[in-house]
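J.: What follows is a structure written as structure tokens; I'll ask about it next.
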Amino acid sequence: MNAFKEALARRVPRIGLWQALANPYTAEICARAGFDWLLFDGEHAPNDLQTMLAQLQAVAPFAAEPVVRPRNDDPALIKQYLDMGFRSLLVPMIDSGEQARRLVAATRFPPHGVRGVASATSRASGFGTNRSYLGSAHEDICVIAQIESRAALAAIEDIAATDGIDALFIGPGDLAGALGHLGDPMHADVQAAIAEAIDRIAAAGKPGGIFALSSEDAQRRLADGVAMVSVGTDIGLLVSGARALRQSLPVSG
């Protein structure tokens, strides 16, 4: 049972933290902190299949749901992430209902999709010991489409209507660039577009998610009814903690 997927469906707020250091040690530290989900980034972080697997194994004993972000919607890569044991995916740059349908198909075995079958060698199936895996895997797989372009904004209703899309997640950074305000996601135009997108996602009957820009922004989005909120990154925690510690001591001679 994917409790994270079920919580999103019931609009229970889930608080997460981005993982970009590509290291199982730091992943374990963050998993112990009590977050509801951790996002393992394959789009911008220096991850490969082996580093993803090591982090997935490191957080396995903890309650946080591991969510993987592939670099794109490539069915071959999605198949490998699912086989290694990820069951929740946040996929970037989903711009249309048709693309969303192809994405869902990549997570389903035939005849409902195009996912390749390798259950006997799949970590997700307990290396073949879970005899019901092929028939039930889709029930636990959570597919989240990332909304971060003008095309995606225009297609929110089509994406949300796609059977198998469990949530729509707004990426303010790319969206700001797409709207002509690169590096300024707090610009009034971007914030207005985000607010409208949150309302349309809710009206379409799907839970929404967002990468919050601060703790205050996270609180505001939760009040708006957003169910899946990221409140920072492992890199950000390290940078801010290191700076604060150094600045608390005298300047070196």
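Only the coordinates and a few stated rules stand behind these numbers; no lab work does. Fair warning: this is a prediction, and the values are worked out from it, not measured in the lab. For neighbour counting, all protein chains shown are included, and Cβ atoms are generated from backbone atoms with ideal geometry for every residue, glycine included.
J.: Kindly indicate whether any position in the stretch 43-59 is of a type in the set (Gly, Ala, Ser) and in contact (Cβ under 8 Å) with a residue 40 or more places away in the chain.
T.: No, the conditions are met nowhere in the stretch 43-59.
J.: Please go through the stretch 66-93 and pick out each residue that is more than 12 Å from the chain's Cα centre (by Cα), charged (D, E, K, R) and either over 19 Å from SER122 (Cβ atoms) or crowded, with 17+ Cβ neighbours inside 10 Å (or both).
T.: Listed by number, the residues that qualify are ASP73, LYS79, ASP83.
J.: To continue, here is another question. Could you look through the stretch 198-225, keep only residues that are over 25 Å from PHE35 (Cα atoms) and touching a residue at least 24 places away in the same chain (Cβ under 8 Å), and pick out the one that is surrounded by the fewest Cβ atoms within 10 Å (Cβ to Cβ)?
T.: Within the stretch 198-225, the match that is surrounded by the fewest Cβ atoms within 10 Å (Cβ to Cβ) is GLY205.
J.: Which one of the conditions (1) crowded, with 18+ Cβ neighbours inside 10 Å; (2) in contact (Cβ under 8 Å) with a residue 60 or more places away in the chain does SER96 fail to meet, given that it meets all the rest?
T.: Going through the list (1) crowded, with 18+ Cβ neighbours inside 10 Å; (2) in contact (Cβ under 8 Å) with a residue 60 or more places away in the chain, SER96 breaks only (1).
J.: Looking at ALA223, ALA242, ALA192, ALA151 in this structure, which one is closer than 26 Å to THR107 by Cα, out of contact with any Cys (no Cβ under 7 Å at 6 or more places or on another chain) and of a type in the set (A, V, I, L, M, F, W, C)?
T.: Step by step, each of ALA223, ALA242, ALA192, ALA151 is checked, and only ALA151 is closer than 26 Å to THR107 by Cα, out of contact with any Cys (no Cβ under 7 Å at 6 or more places or on another chain) and of a type in the set (A, V, I, L, M, F, W, C).
J.: Among the residues of the stretch 9-65, which ones are surrounded by fewer than 19 Cβ atoms within 10 Å (Cβ to Cβ), among the aromatic types (Phe, Trp, Tyr) and assigned to a loop (DSSP other than H, G, I, E, B)?
T.: PHE62
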